[in-house]
Amino acid sequence: MSTGIEVFFSYAHEDEELCKKLEKHLSLLKRLGTINTWHDRNINAGSEREREIYMHLNTAQIILLLVSPDFMASDYCYSVEMKRAIERHKRGEARVIPILLRPALWEDTPLHQLQVLPTNGKPIKNWHHQDKAFFHIAEEIKKVVQKLQEQPKSQEGKHQEKSKSATSPHNKSTDHPSIASPAHNKKPRSLATSPDKPAQLGQQTNNQTSNVFHAQVQGVISGGMNTIHINNTLLPTEDVIAKGRGDAERGYNTLRRQDYVAAKRYLEAADLALSEDKLPTESAQIKFYIAIALLNGQRPFNITIPTMQHIERMLNSAIKLKPLHSYYYTLALFKRDFARNGLPQYKHHAQKLARQAQLIKLTKTDHENLQMLTLCQPRLVNDAHHW
């Protein structure tokens, strides 16, 4: 059984060849047992695909987001895998590294909070010698792996230092832990090794190297050899929430104008920014409006099965966070209409959801939600009166 660091590839299947090339450039790290790569082509026959993907997405220590127009257009890549990856990144559970495969509009998405590769922001497809781009990316991933491997040693060292400090004869008081002198820690601090205490602007150190993927720090070398300018890439929590709420408001307004593409973009950015655990009501409301935007003004029976499944996930998540009448009712309408594609099981589910909706008293939020639903899906709502 491999004990290497698990690296998860999130990519659109249109980019499979580029994904294979990247994996090939990481093959030495695999041979050495340093890393263990995983992507959905590793799923064994008979396994439950979505559960297998989510299991690895939740356990990988490094998540590579292979960015391209197809990645951005994929509801699953963008709204499921990328969202979950960034959630884990913010909690410090994983390192997320966006890799630019082909030119795509990504700057206005949550990816702008992260340092992308290649570090010059030039997509791999635009390089004259693509192997140089892949080599550069492999080197940077190797640095991240090395830092992750050093973390347990670093924690062990801190624990030993605490033990020594507690038993030192120089500590006259046993009631209070000793405070180390600042002089003890006057060694140069690498940009990559201090997630909780980033270096100061313009700080100079000898032989300083930057780990470009750190959750809170983005380093760019400019000017002299040892001049490092530091930029905080993650906003404070209150700023992230404020921005998320701003995106949500813009999403609601664009949805009222029936600009579904823009609404979806704003709402998905808000969904990534606002925590389900801390703001369940707001998060549920955003998911409800995302579900409406995903239809793009079409009737549910006109959309594809993957899109319907994505809509179902959004509304089920909203119900789990806040079981409102409008969430159950909307999912019931969508499923009943989608059943016209020859999928009778959806009709059965719809009837069950409609019965559950009838048991829940309508709130002011429900009335507002149903008004939005009627605005965006007038024929669907009108047909529902005759069911």
Next on the checklist: So Ile290 ticks every box in (1) assigned to a loop (DSSP other than H, G, I, E, B); (2) more than 15 Å from the chain's Cα centre (by Cα) but one. Which box is left unticked?
Outcome noted: (1)
Checklist entry - Just to be sure, is His349 at pLDDT below 90 and assigned to a helix (DSSP H, G or I)? => result yes
Item to check | Test: residue in the stretch 32-49 that is surrounded by 12 or more Cβ atoms within 10 Å (Cβ to Cβ), among the polar types (S, T, N, Q) and at pLDDT 90 or above | outcome: no
Next on the checklist: Please go through the stretch 81-127 and give me each residue that is assigned to a loop (DSSP other than H, G, I, E, B), of a type in the set (A, V, I, L, M, F, W, C) and within 16 Å of Val144 (Cα to Cα), ordered by number.
Outcome noted: Ala94, Leu114, Val116
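The rows are residues; the columns are (1) surrounded by 15 or more Cβ atoms within 10 Å (Cβ to Cβ); (2) at pLDDT below 90.
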| position | (1), (2) |
| --- | --- |
| Leu101 | yes, no |
| Glu107 | no, yes |
| Gln115 | yes, yes |
| Gly121 | no, yes |
| Asn126 | no, no |
| His129 | no, no |
| Ala133 | yes, no |
| His136 | yes, no |
Checklist entry - In the stretch 241-274, which residues are in contact (Cβ under 8 Å) with a residue 40 or more places away in the chain and under 16 Å from the mean Cα position of the chain (by Cα)? => result Arg265, Glu268, Ala269, Asp271, Leu272, Ala273
Checklist entry - Would you call Gln61 of a type in the set (S, T, N, Q) and surrounded by fewer than 17 Cβ atoms within 10 Å (Cβ to Cβ)? => result no
Checklist entry - Of everything in the stretch 274-290 that's hydroxyl-bearing (Ser, Thr, Tyr) and surrounded by fewer than 21 Cβ atoms within 10 Å (Cβ to Cβ), which residue is modelled with the lowest pLDDT? => result Ser275
Checklist entry - Given the structure, is Phe334 closer than 12 Å to Pro300 by Cα, surrounded by 14 or more Cβ atoms within 10 Å (Cβ to Cβ), among the aromatic types (Phe, Trp, Tyr) and touching a residue at least 40 places away in the same chain (Cβ under 8 Å)? => result yes
Next on the checklist: Against the conditions (1) within 20 Å of Glu368 (Cβ to Cβ); (2) in a loop (DSSP other than H, G, I, E, B), where does Thr254 fall short? Just the number, please.
Outcome noted: (2)
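The values are calculated or read from the model by the stated rules, or taken from the named source; none is laboratory data. Being a predicted model, the structure only gives us computed values, none of them experimental. Positions of Cβ are generated from backbone atoms using ideal geometry, with glycine treated the same way; all protein chains shown enter the neighbour counts.
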